[in-house]
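Worksheet: one structure, shown below.
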Amino acid sequence: MNSIKEVTQMTGISASTLRYYENEGLLPHVKRDENGNRQYDDEDLEWVHFITALRATGMPIVQIQRYVQLYQAGDFTISERKAMMLQHKKDIENKIADLYRNLDKINYKLALYDVLEAQRNHADIKI
């Protein structure tokens, strides 16, 4: 079992964010000790990493809440959870494709600057 301080050190996620995730129902199984302090086990840490990945890839809190609700409802929701993950994967792939298209435009502009600089430098050379 890990304290909230230990989890923040392991994950880089602030204590307030961890408390927020718990209050929003995203960390469904966090236990407390006899003093009321949060105690995170390995499963909780897996949830923290999963939620972090979903948030980092743009999934809204509301969708993550829905996913957790489905998870808690049991195995008969596996197909729906899989569908959510497949849709999220597709959304990420579309964002990556957009990023690559934009990167191509930036690379084109950089190549143009290389040509312009080379032309300017060559024009300054007197023989």
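The values are calculated or read from the model by the stated rules, or taken from the named source; none is laboratory data. This one's a predicted model, so the numbers in the text were calculated from it and none came from an experiment. Using ideal geometry, Cβ is built from the backbone for each residue, glycine included, and neighbour counts are taken over all protein chains shown. Side chains included, ligands, DNA and RNA excluded: accessible areas come from the protein's heavy atoms. Shrake-Rupley method; radii C 1.70, N 1.55, O 1.52, S 1.80 Å.
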For the range 44-55, give me each residue that is open to solvent by 70 Å² or more (accessible area, probe 1.4 Å) and without any contact (Cβ under 8 Å) to a residue 24 or more places away in the chain.
Glu46, Arg55
Of everything in the range 56-74, what is open to solvent by 60 Å² or more (accessible area, probe 1.4 Å) and more than 11 Å from the chain's Cα centre (by Cα)? Give them in sequence order.
Val62, Gln63, Arg66, Gln69, Tyr71, Gln72
Subset tally (residues that are among the β-branched types (Val, Ile, Thr) and within 10 Å of Gly25 (Cβ to Cβ)) for the range 63-83
2
Just name the residue that is surrounded by the most Cβ atoms within 10 Å (Cβ to Cβ) out of those in the range 1-43 that are under 20 Å from the mean Cα position of the chain (by Cα) and of a type in the set (Asp, Glu).
Glu22
Residues to consider are Lys95, Lys90, Lys31; find the one that is touching a Ser or Thr at 6+ places or on another chain (Cβ under 9 Å) and not hydroxyl-bearing (Ser, Thr, Tyr).
Lys95
Looking at Glu46, Glu80, which is the one that is more than 16 Å from the chain's Cα centre (by Cα) and among the acidic types (Asp, Glu)?
Glu80
Go through the residues of the range 102-115 one by one and say whether even a single one is surrounded by 11 or more Cβ atoms within 10 Å (Cβ to Cβ), without any contact (Cβ under 8 Å) to a residue 60 or more places away in the chain and of a type in the set (Asp, Glu).
no
All-but-one check, Thr77 against (1) open to solvent by less than 50 Å² (accessible area, probe 1.4 Å); (2) touching a residue at least 12 places away in the same chain (Cβ under 8 Å); (3) not hydrophobic (A, V, I, L, M, F, W, C), failing number (2)
